[in-house]
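What follows is one structure encoded as structure tokens, with my remarks underneath.
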Amino acid sequence: MGITTLVESGNLTDANPSMALGGLTHGVTPLEMAGAFGAMANMGKFNKPVAISKILDRNGKVLFQYEPKPVQVCKPSSAYMLVDMMRDVMRRGTGTGAAVSRPCAGKTGTTSEYHDAWFVGFTPNLSCAVWIGDDNNEPSGRYDRWR
């Protein structure tokens, strides 16, 4: 699903039960998280995230347009089940504050001692990831007081 930081061999691999909760050796960037969640929204088809999708000149002529090359990375039925669960996060769970007035889904997450807080959400055609933390791995305080 576009995550490049997985450690797949050696003494400290990411192939462990905590992987499902984000317990990774090197972590994941917000861009990779947005791409992975975008694949779920796209029924298991991954498109590499891009910053610029189109460039026009002053007359409206297209100078550049990104052409996605989707890769099927999981079964559509698996992606559907994940999306369905994450819709509830936005309807009545920890992501209600990020809900928008269109179909959306997402996931929140906080690590032990508030070192990191995440929100990754998506609509049928957009995906976004937000990370709050401190690069020195110090606790950043309780995020629920920032609401």
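Hey, what's the Cα Rg ratio for the chain versus the globular rule of thumb, 2.2 N^0.38 Å?
Normalised by 2.2 N^0.38 Å, the Cα Rg of the chain equals 1.17.
Once the piece of chain linking residue 81 and residue 61 is laid out straight, how much longer is it, given 0.36 nm per residue of separation minus the C-alpha distance between them?
Length gained between residue 81 and residue 61: 3.1 nm.
Taking the Cα centre of region 1-75 as origin and charging only Cβ (+1 Lys, Arg; -1 Asp, Glu), how large is the dipole, in debye to the nearest 20?
Its charge dipole is roughly 420 debye.
Among 24, 101, 13, flag the residue with its Cα farthest along the positive direction of the charge dipole of the chain, charges on Cβ as +1 for Lys/Arg and -1 for Asp/Glu.
Result: 101.
Hey, got a sec? Which trypsin sites (Lys or Arg not before Pro) in region 49-101 land in a DSSP loop and have at most 12 other Cβ atoms within 10 Å?
Answer in residue order: 58, 61.
Just how large is the dipole of the chain about the Cα centre, in debye to the nearest 20, putting +1 at every Lys and Arg Cβ and -1 at every Asp and Glu Cβ?
Using Cβ point charges on Lys, Arg, Asp and Glu, the chain gives about 840 debye.
Rank 103, 17, 49 by mean-square fluctuation in a GNM of the chain with C-alpha springs under 10 angstrom and give only the top-ranked residue.
17
Quick check: the angle from helix 76-92's long axis to the longest principal axis of the chain, C-alpha only, nearest 10 degrees?
70
Between residue 111 and residue 135, what is the spin-label point distance in nm, taking each point 7 Å from the Cα along the Cα→C-beta axis?
1.5
Charges at C-beta only: +1 for Lys and Arg, -1 for Asp and Glu. How large is the resulting dipole of region 62-135 about its Cα centre, in Debye rounded to 20?
Approximately 500 debye in magnitude.
Could you check which residue among 97, 121, 60 shows the biggest mean-square fluctuation in a GNM of the chain with a 10 Å Cα cutoff?
Between 97, 121, 60, it is 60 that shows the largest mean-square fluctuation.
For the chain, with a Gaussian network of springs between Cα atoms less than 10 Å apart, report the residue from 78, 112, 127 with the top mean-square fluctuation.
112
Bear in mind these aren't lab numbers, they're just calculated from the coordinates by the rules spelled out. Only a predicted model underlies this, so the values are computations on that prediction, with no experimental measurement involved. Neighbour counts are summed over all protein chains in view; Cβ atoms, including those assigned to glycine, are modelled from backbone coordinates with ideal geometry.
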